[in-house]
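What follows draws every value from the coordinates through simple rules; no lab data is involved. Because the structure is a prediction, the values reported are computed rather than measured. Every residue, glycine as well, gets a Cβ built from its backbone with ideal geometry; the counts of neighbours run over all protein chains shown.
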Amino acid sequence: MNDKLKTVQDDLAFLRTIAEGGGERGGLGVAGGALYGAAGLIYGIQTLGHFAQVKGVLVLPPLGSLVLGWLPTVIFLILMIIVIIIDRKKPQVGVANRAVNAAFSGAGVANLALILVFATAAARHHDFRYWLFHPAVVFVIQGAVWFVIFALRKRPWMALVSVGWLVCGVAMGMLIDRADVYLLIASFGLFAFMMAPGFFMMRQAQRLAP
């Protein structure tokens, strides 16, 4: 009887592990964490480059400015395609894991829609400041996504990441007339709350990988 009860308890524990995603497996996984971290690194360097331009430290010809503006996105899209191909071969295990990935996917879709909204407004009013609200709003959305992840995983560091995104987003929205400070905050946010968590989740997923 005791053996049967232990077997049932073991089965329930196994099912609970699958439902909850198992430790840090409720994150983005190796490939997803690497992509998220790489995005923070790439766009953090880009915003630092723009900051250096504003300060007059970095002087680029028109072609150089064009490369600085578009190359990070081209690199990110290539990496994203690679990750999508890799993840398609791996089944998503656990409710938490699927919820986390759905939250980030939803944020990505919202970001695409916001690009159209703010780009159209900036073009119509001939005011680049409308476009500057776009990154600020994206930061706030990332804060909301990380709050959802914190609610699912209950890791204090995830709450800190959520607060960091929100504070940076609000600060950027309030400082669009101060390009230097705006870009410095953006760079800090990308390095601290995107690059660092992404690579951390990648390392955690690597340690838990069978």
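In region 103-210, one over the average inverse separation of all distinct C-alpha pairs is 14.8 Å, which is the Kirkwood hydrodynamic radius. The H on the amide N of residue 155, modeled in the peptide plane, is under 5 Å from the matching H of no residue at least 5 residues off or on a different chain. Assuming charge only on the beta carbon of Lys and Arg (+1) and of Asp and Glu (-1), the dipole of region 26-208 about its Cα centre is about 640 debye to the nearest 20. Potential lengthening of the chain between residue 167 and residue 131 amounts to 11.0 nm, from the contour at 0.36 nm per residue minus the alpha-carbon distance. When peptides 148-160, 63-75, 181-193 are sorted by average Cβ neighbour count within 10 Å, with the highest value leading, the order is 181-193, 148-160, 63-75.
Ordering 181, 133, 81 by the projection of their Cα atoms onto the charge dipole of region 55-210, which places +1 on the Cβ of Lys and Arg and -1 on the Cβ of Asp and Glu, puts 81 at the extreme positive end. So what does log10 I(q)/I(0) come out to for region 26-208 at q = 0.09, 0.13, 0.16, 0.19 Å⁻¹, using the Debye formula with one equal point on every Cα and no solvent? Here log10 of I(q) over I(0) equals -0.33, -0.69, -1.04, -1.40. Kirkwood radius, region 148-210, all distinct C-alpha pairs, inverse of mean reciprocal distance: 13.0 Å.
Taking only the C-alpha atoms of region 124-179, Rg followed by Dmax gives 13.6, 45 Å. Subtracting the Cα-Cα distance of residue 59 and residue 98 from their residue separation scaled by 0.36 nm leaves 9.6 nm.
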